[in-house]
Each structure stands twice: as C-alpha cells, then as structure tokens.
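The values are calculated or read from the model by the stated rules, or taken from the named source; none is laboratory data. Model, not experiment: these values are computed from the prediction. Glycine also receives a Cβ, built like all others from the backbone with ideal geometry; neighbour counts cover every protein chain displayed.
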Amino acid sequence: MIHLTIDGKNLAVPAANTVLEAARSAGIAIPTLCHDERLAPYGGCRLCLVEIDGMAKPVTSCTTPVREGMVVRTVSERLYRLRRTIVELLLSDHPNDCMTCIGNGDCTLQELAYSYGLRENRFHGARREHHRVDANPFITREQNKCVLCGLCVRVCEEVQGVSAIGFADRGFETKIVPPFGEDLNCEFCGQCVAVCPTGALSARLWAGKPRTGGITSTRTVCTFCGCGCNLTLKCKANEVFRVDSEPTTHNRGWLCVKGRFGYDFINSPERLRTPLIRRSKGGPLEAVDWPEALQHIAARVTRFKAEHGPDAFAGLSSARCTNEENYLFQKLLRAAIGTNNVDHCARY
Amino acid sequence: MNEEIVVNVCMGTGGIAAGGEQVMAAFRREFAEAGISGARVGENCRLHKVGCRGFCARDVLVDVAVGGQASTYQYIQAEMVPRLVREHVLGGRPVAEWLVGEDYHTFHDNQCKRILGDLGRIDPEDIDEYLAADGYQAAEKALTTLSPAEVIEIIKESGLRGRGGGGFPTGVKWQFCAAAGDGQRYIICNADEGDPGAFMDRSIIEGNPHAVLEGMIIGAYAIGATLGYVYIRAEYPLAVERLRCALRQAEERGYLGENLFGGQFALRIKVKLGAGAFVCGEETALIASIEGERGMPRAKPPFPAQQGLWGKPTVINNVETLANVPPIIRHGAAWYAAVGSGKSKGTKVIALTGKIRNTGLIEIPMGMPLKDIIYKIGGGIEGDRLFKAVQTGGPSGGCIPQQHIDLAVDYENLAAVGSMMGSGGMVVLDESDCMVNIAKFFLQFTQAESCGKCVPCRIGTKRLLEILTRITEGQGREGDIELLQSLAEDVRDSSLCGLGMSAPNPVLSTLRYFRHEYEAHIKQRKCPAKVCNHLLTFFIRPDSCVGCTMCARACSVKAISGESKQPHHIDQKLCIRCGSCFDVCKFNAVLKE
Amino acid sequence: MTNSVAEIADNKALLVIGSNTTENHPIIALRMKEAVARGARLIVADPRRIPLTGFASLWLRHKPGTDAVLLNAMMHVILDEGLADRDFIARRTEGFEAFAPSLASFTPEFAEEITAVPAALIREAARVYATAGNAGIYYAMGITQHVMGTYNVQAVANLALLTGNVGRRAAGVNPLRGQNNVQGACDMGCLPNVLPGYQRVDDGKARRRFEKAWGRPLPNKPGLTATEMTAAMLDGRLKGLYIFGENPALSDPNSNHSRKAFANLDFLVVQDIFMTETAQLADVVLPGASFAEKEGTFTSSERRVQRVRQAIEPPGQARSDLWIIDQLWRRLSEDEGYGDPPQAERIFTEVAALWPGIAGMSYRRLEEDGLQWPCPAEDHPGTDYLFKEDFNRPGGRALFSAVPFVSSGELPDRDYPLLLTTGRELFHYHTGTMTRRSAGLNAAAPEAFVELSELDADILGISDGEMVAVSSRRGAIRLKARVGAMVPRGVVFIPFHYREAAANLLTNDAMDPTCKIMEAKVCAVRITKG
C-alpha cells in the first residue's frame, strides 16, 4: 500500500492506483471528460488536473501513478480557473443546442457547463462544421458536438479490437472518422455510443424518443445469447426505447449490436396479441379469448391422456425463456400430464 | 611537381541546392581534361564532397588547397570552375575576387566548433574519413575499457544536457533508464527536427552521420539497449540517404551488429521515417509514431526512461546530444565541461537567421553573450536598421528585447527572460518587424501542428490565434490583451505536452516586452512596424512616381488610377490594403503609414 | 462453462474450436481479445476465416467434422514430447492407462491427411496449449452438432485432463451456450431423463423427493428427446405436442422432415411472441411475452443466475408465459397454482428447495450481479470455477475416454461435391424471429448468402453477389453467392437465420447416437447457377 495525502486526507491505496483512483476511492470528486476506468488512462481533457507538491505544474490525476508521501490538492483557485477555461474553450466550439440535442440530460459537457456557471463565453471564433454522412442503420454522428475525448476510438481499439475509427487531421480541425471519412462500416456494437460523453454519438433508434422525465429504468438480462449481459431498459408509455448496460456488472457495460440495438422487435406490430385456435384441420386460425383457449387445450390433453396414455403427449420447452417458466413447464408435463417427454432446443 | 591537391565542395542540402552537384561535376570534368587525376599528380589529388560548414548563404562554398595552401571560395557556380582549375589548381594563383571575405572568417573564428568542426572537412559517405578523424575510438574505449556505469558517470560529470529543447541532464536520463525494468531497452535518436528555420540536426546527419551513430552505440551500451531507432523525417531525403549509407558501412565494419569490439555487446539500429508532424519531436508522440500509432503524446509520468517504446525503458536523445557523446568519451568530462557557463556546459549549435548579415549554422560556447552572436558572428543587423529583438527556441520560444542584449546564452538565462534554448533556433528581428505579427506567425504554426488530443492546445491556441489575428487586422478590442494573457497562461499551464505548454510563449514574451505594440494596434489602430496592412494607409508620393503603371496593374480592386508616365493616385475608399502596390513599386514611391 | 467469463482474460493460452465467438458470443470474445492483448496465445481451430483468426497466434484450418482427429493428434504430440501433466493425471483422473494407447495412431502426419492442417502446425499448437500454464478451451456447436459430437466433447475433455488444465482458475473446458437460457432450461429439468438439478428420473430416491414435494407420482422412464420426438410423431406414437418459445420448423436440421412430423400430429400447441413458421402449423397459438415483459431468472453460460425484470406490459391480450403455463397447470393438475399473477419468486424458492446446487440462492441475493451455481448455502458466495477439488463422478476423479476416428454422416461425393457447414452471423440470432423484426439488424444483414471460395466460384463460373441454387439430398434453396476467402476450397457456409433460404432444409438429420444431436454442421451439397 502507498500512503499519500489528498486534500488533507491521509490515504493508503494500492501501488497500482493513479491519483484519480485514489481520490475517487476516498470519495473525492475530480471532474473528468475523457476518463473511463475500463480503458487505459488518456490525459486528453485536462479537467482532472491536480497540484502535487514538488511538481512545478498541475498534472492530470488520471495518468499520474501514486507515490509514497505524495501531497495532492484537487481544489485550488488555479485549478478552478484552468478547469473552467477548458470547459469554456470546449463550449466555444460547440453548437450549444441542448434544447434539441439528443444528449440533453445525459451529457457530461452540459453538466460541466452548468457546474462552472458558464452563461457567457469569453471566446468566440470558428466552429467546426460537420457534414453528416451516416446512412448506416444504427449510429448517428454529430461531430460538431465531439469533444475529442477519444473514448470512442479507444473503446473500439482496446475493448472491441476493431479500430474502425481513428483521429484524422491536425490542430483545430482534428476529427474522428472511419478510414477516408466515410460512413461507419463496423460491427456496430455501439460501445462508442455508450461511452460518448456528449450528444456526438447517438443511436438512430433513440432519435425523437424521450430524453428525460417519466422514464423508467429496468435492469434485466439480454436475451440474445448465453453471455448473459446486463441490460437496462429505458421505457416510457409501455415502450422500450433505449437499452443501456451498467459498467459495474460482469459484462462491464459492453454489449453487442443485437443487445444494444436489436430490441425493437419488442414493439413490433407483428407481435401476437390474442390466443388463436384452429377449429378444424386445414381451417384458419381464429382469435379467441383466454378461457376458451386454455379450456380447449386442457380438454384435448385430458382426452389424449385417457385415450393414448400420457406418453402420447410431449412438450418442447424454450431456451429463451426463464428458469421459472422452464421449471413450471416440465412440472406441468411430468406432474400434471405424467410424461417425461420434455426437452428443449439445447441441441440446435 | 608533386603537390597535393584537395578540393572540398559543400554538398549539404544547401550546397546542393546552390548547385553543388554541378560544381562537383565541373571539377571532375576539368580535372579529367587537364589530366590531373592520375597522370600528373596521381594519388595526391582529391576531389572531395563535404557537409555543411554552416555558412549556406554563401554556397556553393569550395576549398581549394594546393600544396597545403588552402583558400576558400564563395558563391561558386559550375561555369566558374574552369577558371578556378586553370588559375588556382594549375596555375597556383588563387582567384582573388571569388575568395571569401573577412566576414567569412569572423563568422567562423568566433565560434567554438566541437560538433560542426568535421562537417566541412570529411566526406560523410566515407567511413574511412570518419575513422581518420578518430572516429569510433570513443565507442571502442567505452565498450572495451569502461563499464556502462562508468560511461554514465562520465556523461553526468561532463554536464551534457539534452540539446533538443528540454535541457535535461543526459547522464541522469541514461541512469534512470539503465535502472528501470529488467529486460529489453531501447535507444532512440530524435532526428525529427521540426522548428521552422532549424536545420542543425539535418546538417549534422548530412555532414557527419557516423558521429551520431557512435553516440548511439555508446548510449546503448550505457543503458543496455540492443536495438536503436533513428526517427527522422522523410522530408530530409539527403540526411536519410547518408544515414543509411553510414549504417551500412558501420555494419560492414562491425561497429554495429553482434560482438562489438570483440565483446558481448550487440546493437542494431533501424531508421524510422516520420511524416513530418511537428509534434512527433515530442518524445512520447515520437514513440507512438514508431509504434505505428498516430503521433499523439502521452502523459508523463511515467517517463519514457521508465516506460517508453513498446512499454519498455527507452532513452530518446536528440541528434546534437548524441554527437556530443563521442568527444566527451574521447577527451573526458573535464575537457568538455571546461567550455560553458553555470549549469550549461559545452557548446550549442544554433541556426542563426533573420535580419542579420551572416545567416547560417553556428556553434557557440555556452554562455556567449547574445550581443557577440549577433554582432560578431552574425555581423550585425542587415541594412543598418535598429535591432529590436531576438526570437530564440523556435515556435515554442520567446522574444528577447534590446535590454537583454548582454545576456549570456545558456539554458537558465534564456528561461529567466521568458524564452528558451529549444533546439537552438535564433531569429533576429529589427525595427521593421511587428511583434504582434511575429507572435501570430508562430501561433499559426503551433495551432496547425497541434495533434488535437488535449483541449487547451487544440482550441486554446486557435482562440489565441484568432485574437491575434483580429488585433493585426484592426479589429482588436478593449480587454483583448488581458484575455490573451489569461488564456495564454491557461494553455501553458494545462496542456498535455511540450507543444501546448510552450505554444503560448511567443505571445507571453511579446506581451511582456512589447505590450506597447499590442496597445498601439488596439487603441490607436496603428502598426508601429508598418507590417499589418489592415492598419496602414497606402499612398503614392507624386514626386517619386514615374508613372510606370506597375502598381495600377497589380491592384486587384482597381483602386489606383493615373495616366502612363504621370504620377498615380490611390483611392482610399477602394483600397483593401493588400500591399501589392508597395511590393511592386521599384521607385519607393508607394508609402505606408 | 467450468470457468467464468472474467477469467478468460487471465488465460495464457486459449484454444477456440468450433466457435465463431466474436459473432455468436461477442461479449465473451471481448475477454478473449483482452487475453491476447495481455500476451496470451490464441489458437483458433476453424475451417472459416472467422474474425477471431485475426487475433490468433495459430490458426488451424481443419476440415469440418475432423475436430476429434485434430484434438487427438495434439494429444499424441503432448504425450510424445512429455508435455502431459503426470501429477494431475495421477491425482485427479482415472482410465489413463487404457486411454493412452488409443492416441498412438493419431500422429500429426495422419491428422494432416484427415484434417488438412499441416503436421507442424498441430505440433506447435499442442506445445503452446500444453506449456502455457493456464490454458482454456472454448467451443460451441461446431464441436457438438456432429454425428460424433459426444466424441468431440470427450476429446476436448481429454485434452484438458491430459495437461491438467481444468479445476483451476482460468483453466478449463468451456462450452459457450448459444441461447440466453439453454443452461437454465437444462438446469430446470427440461430434459427427458432428468428432473431439475440433473436428478435422474430413474433414480428412485431423487424422484421420490420430487413426488413428495409436488404431491403426486412421477413417471420413472426417461422420455423422448426432441430429435426422437420427430420420429415418434411420424410413426404416430406421439399425438400431441406443446411447443413453448421455439421454432423447430426452421431450426431443425432437415426441417422438411420436421414439418412433415408436425403435420402428422393430432394436436399442436405453440406459445410464442410472433407467428413463427412453427406457429403457422399449430392448432392453438398462445401469445406469450418478450423478455422485457416478464419476471424471472436466466442462467448464463458461466452458470450465473440473474434476475430478469419486467419493464413493460405485454401487448394486447398477450400474457406472461408464466401466467399461461400456470393457468394450464391449474387446469390439468387441479392444483392451486402460484398466485394471480403467478409469482416467479415463489417458483424460484421452490426450485431452490429441490436442487441443492442453488439452495443458497434467493431473489434477494440475486439482486445485484446474480450468483454462479453451485451455491449450496445462504452464505456461499457462488462458484467461479468448477472441479476445484473433485469431479462430479463417483470417487471424484475425471475419466479419460478413448475417442475413435468417426467420419461425418454425409460427405461430399460426385453428385454433391461441396461440404456445407452452417452457423450464425453477428447481426442475427437463431431463426431470426426477433432480429429480423429489428429494423437496424435486418438492414445490416438483410438477406441470406452462401460463402464459397474463389476457386470453387471460378470452377462453377459464379461471381460474387450472383443468385445460386444450393441443393442437398433433402432440399434446395436459392440465395446469393458471397465469394471470398472466408471458406477454404470445397467448403461452403450458409447462415441459418433466413426463412426464405433456410439452411436447415439442406442439413442432415443424422444423429449422434449418445446425445441425439443432429449433424447440422456437415452435409454434402451442390451449387448451380441461378
């Protein structure tokens, strides 16, 4: 363990910690825009600057390893001024259209602007232009809202191993693009969308959907494969309109294209909405109410059992459905009908 | 008659650009025709290409030595060669009117040439000439008689500091690296010289590449690296070519490879070409570039000496630093430290340019007064205008005004007056230079070269540039000076790498010494140096105008009227102050106020 | 999986065989990439140039259906070069003496002939795997959906046992579960031979426990497997079938055959959320709920039981599946059921009482990040990797079983000269019931295709993007050709998501004699233009 002092607090932290990690573990908040604990430290946004005794200039706490006896200050007049200038500079090259921005209410830049009380901006000048080229079905890019935190580039490289995007150009015109500035053509895992701190990256599926207010969040599990990723379903008015995943769970918040963007089948108009019965072989399926459908099944099963014995009936359960449903299904077959003819699709 | 004939032709990039190859060919032709080679003087005639001796403004420079009697010619072109051969080589009478003048000697005699000394003497493509000049003796001495720790100790004692800009003690850097990790280490030669107007590293590699390689061998031995890289920009084709040639020769002779000097030590050196991004001179960005990533800096600590290339301890030394290493090992730390001042030992190579008579590459002892550089070596200000300032350290440096003309040039003193040594650029400015415009010029460069990674550098320098631009365009506002000052400080204090931290220096130093010029632009809407066109009025002095119509034809908005052979007139309402009329007038009839 | 997904990152070597992990288990694949980034060596054995080959140190491009030969040859090398973990074999296994000679004939040179993988590569793979320290094997349907699927799995297990790579952190045998709750469906006893918690129906003691808990007698004879059901439907033994949340009319190999079987039934009930190909054949269709509309638990590949929570109501008259099954339970058992609406938690508590493996779990404990079974007690933290001390056999030792060379049920011949293998692609899931109704996913992957090598395409005169007919002895489909480097010469690949060009019309329903899995991964086809 390493002993250090942050804002007068004496701490003992693991040697592998950065100053930022040490501070956060002690409940000391330091603002960041480009940091994600799941990715390698970057040091680009400069918001997490701290002062360390013996160092001439402020250093970024996200990249600085702790050292024995370090004395760190996370709050000072100078640091406040530097951080405020950084946010002000970012806002000077930002559309500031929060009213209509898809990222409203879910935007780190917006929160920073608010917390530093930046109503006015000392800097006026050129802003980057963005010409939209997205025709892909999943991800919308508004690059004039991009703060170049590099999270998307890094997650794509470090986590997804795809490197579909990278930095291009220099200076003020630096931007993040796929090769040759074309549309995205990648796995569309949406990890980049999940880590984007502003409205620069969003999902097409969210466009025009609720942003704040009256939204429920339900934590559940993805249904698309055996990875068992955690999902948070954002819903309003009986509609799932967005899927997120918490970074603190075993899948660390990472999802694939199906888990993140494949949920719209839930709201499909093709969903079955009523029980259907085919009254005679070759006849049509007709809508009926539940009592009739259930009674019909119960009567038929009872008759089979009487005429042919319980083993003339079988059940195929579902690897998509819950444990409880599967349990009750096999119990129904075994205990109520009396057959072990129960299986599911494990083999397909 | 069996006199030795030696002809040296400057074949650095400057010499070649001035026609060095043609001069060389002309000598060869003339010699052949005159039957000099072989027939008359046999082995004793050498036609010899040499590197840049620093005075490129006088190229093509040619030394002709007959029988030990050497003369140096300047501005030589191919068509002048027959006469040189005829009169001097064959006739033994130097061509007096083509010889260099007194200023050539004052330019050289006031320098202290430890690094550049061999540049104008040896053929950079011939390892034997380097060997004849005691080449690779230092490496042999280090590898066969000294332990790595002893080498480090000598370098530490010598006081050698990084010549790339940082000025960090080289021996200490080596020591850190040698102590870090327990496996692979790397040594990198940073030849990504990017400052506008700087060409010391290029000249050294073009003129004496083996010295750099020898420095790398000694450094690699000291830190325990078995692989070295020279990171050099692709825009230096001649330097790259000579470097590769030197590598090939050194490998052939066994100075690189396995079992160097009969011992266990092995070293390979690779050349890695950079694409010309200024930021790749920053060592962490350079590392990223070698690794195949976009050249973007990483935060320090950890320093490259702890975690560098591929995460392994890495020493990155500048070309000039490495070139200093062999003489230190050969002559000892005390010899080296005998020159210099305070904490700055040895010499510094400087690219001297600007409004000065003698421009070129010079090597001065640390601690030489600024005044001596400008007036002795540099020969004073061009056109006898008034000295205003000297900008040192390239785009990251600052401007030093008249009041500090006696400053002894070393790391500490330059920093104390708000500038820096940097890689050694020195631009002399006179009264015709606008300091706001100078600051804008350097900001334009750094803004365009910012890698975009950190916010203060990417957006902050842009906003600084925009404020400077509006000041020079007459749109300056009350409060702009304070805003510049405040933003420049914030960019300096919060940027990720040296580029961003030092980018505001031109602004801060000009604000410090030339605040009145800013005020004149903003408050009086005047550019005192008459540089910022938007703040000037152009008019034609009737008594000087001969009516040649050049100005009227150059004017893109047809603001100039007048009959041929009659004085012309500028309509101020139409004039957009582009300055074209001023530039084209051959009679100094266009004035700006 | 014997191990947890998070442990993958700590593997020093990984053998991925029969699993296109990046497309089928993308998030598990992230950990594999992380392991590679940390310096692990990845061996990919796959006939296709799957994306993971781009991260691999070694790519063994074996012919489909030759997995066991490849694995046996690796073991041959390991024994030959003295790389086996003799200590582990002595302490934790039995049957080695009988097993070892079975490898003698599987020289790398022999394997090269069968698998087309160069012998030197097999040797290197064997060394990498055996000497890594912590090595994990990852496989999926590419190993199991063969007539010798059981042998393949045994070969995988043998390899791990031989090198002591099981029963430790970041070293194990890891089948990757294709569907979100295959693990749970098995755990819950939706298998014809076992009750919940893998308690055999023919084990009287176990059965009596359930009879007591459920208050009624239970049948003691194992029932029919899904594949056997098809035959029973065709020969009339089986008259009624209740299919819950499955679409076998599209997913069964030789699905024409299954459709005939369904048509032969007197009574078919299908419970689903969409009018699937199977539901269209039903006598009664019951509208169930999607995962977002229900409470319960899923069990992931790594045995992690996690809470599924209801976010919205099902549409129209659709009901939670638990409600539907509970209603039928009440009607057929004349029991009282699990509340109205039925309480998933009550059922979970009932299971926990019957299966010691999850006795320590409760909804309260699952609240945060779930728990991995076995979790036998309230204060047990769950189990990240299995077999730390004992294997689940009498005596606690793992058994080596000799794996002979068995060839696939149907191999290319003069009439059907190409080998078809099937699988999934990233943008779709199984029969596409859900994903093909997702606008984005369907836009990204709108249509079926058959991958074939450039050489085969040249021979057949087929260009990229051209419509072709692919036929086997069982059926024919039309779809686009995708010509490229994904498959080697002689092999073609078709994803099975597309009802309009259903790959399973072509596949073979030859069965593994032990586990009754069908051979979806290998059959013979021919391709013609048009």
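Scanning region B:138-172 for residues that are out of contact with any Pro (no Cβ under 6 Å at 6 or more places or on another chain) and of a type in the set (A, V, I, L, M, F, W, C) returns B:A139, B:A142, B:L143, B:L146, B:A149, B:V151, B:I152, B:I154, B:I155, B:L160, B:F168, B:V172. Residues satisfying the criterion are absent from region C:301-310 (criterion: of a type in the set (S, T, N, Q), under 20 Å from A:V301 (Cα atoms) and not assigned by TED's automatic domain parsing to the domain that holds C:A171). Residues that are within 14 Å of chain A (Cβ to nearest Cβ) and out of contact with any Cys (no Cβ under 9 Å at 6 or more places or on another chain) within region B:304-324 comprise B:Q307, B:G311, listed in sequence order. The set of residues from region C:194-208 being under 17 Å from A:T339 (Cα atoms) and out of contact with any Gly (no Cβ under 9 Å at 6 or more places or on another chain) comprises C:V194, C:R200, C:D202, C:D203, C:G204, C:R207, C:R208. Residues that are assigned to a strand (DSSP E or B), β-branched (V, I, T), under 30 Å from A:T5 (Cα atoms) and modelled with pLDDT of 95 or more do occur in region A:72-87.
Taking the conditions exactly as written (out of contact with any Lys or Arg (no Cβ under 8 Å at 6 or more places or on another chain) and either of a type in the set (S, T, N, Q) or more than 24 Å from C:G490 (Cβ to Cβ) (or both)), does C:A445 satisfy them or not? Taking the combined requirement at face value, the residue satisfies it.
Of these, B:E258, B:E291, B:E283, which one is within 13 Å of another protein chain (Cβ to nearest Cβ) and within 20 Å of B:R185 (Cβ to Cβ)?
Only one candidate passes the filter, namely B:E291.
Of the numbered criteria (1) in a helix (DSSP H, G or I); (2) under 19 Å from the mean Cα position of the chain (by Cα); (3) within 14 Å of chain B (Cβ to nearest Cβ), the one A:A194 fails is (3). From the list C:A359, C:A318, the lone residue that is buried (at least 19 other Cβ atoms within 10 Å of the Cβ), small (G, A, S) and within 8 Å of chain A (Cβ to nearest Cβ) is C:A318. If you go through region A:279-336 and pick out every residue that is more than 27 Å from C:Q199 (Cα to Cα) and aliphatic (A, V, I, L, M), you end up with 9. Can B:P395 be described as surrounded by 24 or more Cβ atoms within 10 Å (Cβ to Cβ) and touching a residue at least 40 places away in the same chain (Cβ under 8 Å)? For B:P395, the condition - surrounded by 24 or more Cβ atoms within 10 Å (Cβ to Cβ) and touching a residue at least 40 places away in the same chain (Cβ under 8 Å) - is met.
Kindly establish whether C:V16 is modelled with pLDDT of 95 or more, farther than 16 Å from C:M486 by Cβ, assigned by TED's automatic domain parsing to the domain that holds C:N134 and not small (G, A, S).
On the way: modelled with pLDDT of 95 or more: yes; farther than 16 Å from C:M486 by Cβ: yes; assigned by TED's automatic domain parsing to the domain that holds C:N134: yes; not small (G, A, S): yes.
Against the criterion (modelled with pLDDT of 95 or more, farther than 16 Å from C:M486 by Cβ, assigned by TED's automatic domain parsing to the domain that holds C:N134 and not small (G, A, S)), C:V16 qualifies.
Residues in region C:263-291 that are surrounded by 24 or more Cβ atoms within 10 Å (Cβ to Cβ) and either within 25 Å of the chain's Cα centre (by Cα) or among the acidic types (D, E) (or both): C:V270, C:Q271, C:D272, C:I273, C:T276, C:T278, C:A279, C:G288, C:A289, C:S290, C:F291.
Of all residues in region A:265-291, those being in contact with a Phe, Trp or Tyr (Cβ under 9 Å, 6 or more places away or on another chain) and of a type in the set (D, E, K, R) number 2. In the condition set (1) in contact with a strand residue (DSSP E or B) (Cβ under 9 Å, 6 or more places away or on another chain); (2) surrounded by fewer than 20 Cβ atoms within 10 Å (Cβ to Cβ); (3) without any contact (Cβ under 8 Å) to a residue 60 or more places away in the chain, C:R49 is compliant with all but (3). The set of residues in region B:62-87 that are assigned to a loop (DSSP other than H, G, I, E, B) and touching a Gly at 6+ places or on another chain (Cβ under 7 Å) contains only B:Q77. So, in region A:315-340, exactly how many residues are farther than 30 Å from C:N24 by Cα and either out of contact with any strand residue (DSSP E or B) (no Cβ under 6 Å at 6 or more places or on another chain) or at the interface with chain C (Cβ under 7 Å from one of its Cβ atoms) (or both)? Residues flagged as farther than 30 Å from C:N24 by Cα and either out of contact with any strand residue (DSSP E or B) (no Cβ under 6 Å at 6 or more places or on another chain) or at the interface with chain C (Cβ under 7 Å from one of its Cβ atoms) (or both) within region A:315-340 amount to 9. Counting only residues that are hydrophobic (A, V, I, L, M, F, W, C), assigned to a loop (DSSP other than H, G, I, E, B) and closer than 23 Å to C:E23 by Cα, region A:133-174 holds 5 of them. Scanning region C:324-353 for residues that are of a type in the set (A, V, I, L, M, F, W, C) and more than 9 Å from chain A (Cβ to nearest Cβ) yields a total of 2.
Let's see how each residue does on (1) surrounded by 14 or more Cβ atoms within 10 Å (Cβ to Cβ); (2) of a type in the set (A, V, I, L, M); (3) touching a His at 6+ places or on another chain (Cβ under 7 Å):
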| residue | (1), (2), (3) |
| --- | --- |
| A:R279 | no, no, no |
| A:V288 | yes, yes, no |
| A:H296 | yes, no, no |
| A:R300 | yes, no, no |
| A:G315 | yes, no, no |
| A:C321 | yes, no, no |
| A:E325 | yes, no, no |
| A:L333 | yes, yes, no |
| A:N340 | yes, no, no |
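Within the set A:T223, A:T248, A:T218, the sole residue that is outside any strand (DSSP E or B), among the hydroxyl-bearing types (S, T, Y) and in contact with a helix residue (DSSP H, G or I) (Cβ under 9 Å, 6 or more places away or on another chain) turns out to be A:T223. Looking at region C:420-434, can you tell me whether even one residue there is within 30 Å of A:R204 (Cα to Cα), more than 11 Å from chain A (Cβ to nearest Cβ) and not in a loop (DSSP other than H, G, I, E, B)? Among the residues of region C:420-434, at least one is within 30 Å of A:R204 (Cα to Cα), more than 11 Å from chain A (Cβ to nearest Cβ) and not in a loop (DSSP other than H, G, I, E, B), which makes the answer yes.
Residues in region B:253-276 that are in contact (Cβ under 8 Å) with a residue 40 or more places away in the chain and either closer than 16 Å to B:E125 by Cβ or exposed (fewer than 13 other Cβ atoms within 10 Å of the Cβ) (or both): B:R253, B:Y255, B:G262, B:G263, B:K270, B:V271, B:A275. On the stretch given as region C:19-64, residues that are among the charged types (D, E, K, R) and away from chain A (no Cβ under 14 Å) total 6. Screening region A:162-194 for residues that are out of contact with any helix residue (DSSP H, G or I) (no Cβ under 9 Å at 6 or more places or on another chain) and free of Cβ contacts under 8 Å to residues at least 24 places away in the same chain and picking the one that is nearest to B:L465 (Cα to Cα) gives A:D169. Taking region C:221-236 as the range and being within 7 Å of chain A (Cβ to nearest Cβ) and surrounded by fewer than 19 Cβ atoms within 10 Å (Cβ to Cβ) as the test, the residues that pass are C:K221, C:P222. Within this structure, C:S401 passes the test of being more than 14 Å from chain A (Cβ to nearest Cβ) and either more than 25 Å from C:G178 (Cβ to Cβ) or not in a strand (DSSP E or B) (or both).
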